[in-house]
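Engineer: Got a structure for you, questions after.
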């Protein structure tokens, strides 16, 4: 299993568009239910910062083939004030599989 964590903050003027695009990704995932992929997006308390965690056998897995994900990725760099991604190791967990 591979795991990736992506953290980013969206510009205030792009937040509404970003939310529409993000919702479409999660709706397509719910419809298509790609085997082995787990994907969660957390919206932080400032309302503009997000953390995505993807877990799957071979990432990015089916994401690049999804129409909604391709639309989400177009212009993402321009919508974000900052963005970073990293692998990570779980130091401790209870009831959460990564």
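Engineer: Every residue in segment 1-60 that is touching a strand residue (DSSP E or B) at 6+ places or on another chain (Cβ under 8 Å), assigned to a loop (DSSP other than H, G, I, E, B) and either loosely packed, with under 12 Cβ neighbours inside 10 Å or touching a residue at least 60 places away in the same chain (Cβ under 8 Å) (or both), please.
Structural biologist: 1, 11, 36, 44, 46, 57, 58
Engineer: Quick check on my filter: what residues within segment 77-96 are without any contact (Cβ under 8 Å) to a residue 24 or more places away in the chain and either outside any helix (DSSP H, G or I) or surrounded by 12 or more Cβ atoms within 10 Å (Cβ to Cβ) (or both)?
Structural biologist: Of all residues in segment 77-96, those without any contact (Cβ under 8 Å) to a residue 24 or more places away in the chain come to 77, 89-96.
Listed by number, the residues that qualify are 89, 90, 91, 92, 93, 94, 95, 96.
Engineer: Could you tell me whether any residue of segment 58-79 is on the phi > 0 side of the Ramachandran plot and either at pLDDT 95 or above or out of contact with any helix residue (DSSP H, G or I) (no Cβ under 7 Å at 6 or more places or on another chain) (or both)? Give the steps one after another, and end with the answer.
Structural biologist: Residues of segment 58-79 that are on the phi > 0 side of the Ramachandran plot, as a first pass: 61, 75.
Filter again for either at pLDDT 95 or above or out of contact with any helix residue (DSSP H, G or I) (no Cβ under 7 Å at 6 or more places or on another chain) (or both), leaving 61, 75.
Within segment 58-79, one or more residues are on the phi > 0 side of the Ramachandran plot and either at pLDDT 95 or above or out of contact with any helix residue (DSSP H, G or I) (no Cβ under 7 Å at 6 or more places or on another chain) (or both).
The values are calculated or read from the model by the stated rules, or taken from the named source; none is laboratory data. Every value quoted in this text rests on a predicted model; they were computed, and no experiment measured them. Reconstructed Cβ throughout: ideal geometry from the backbone, glycine too, with neighbour counts over all protein chains shown.
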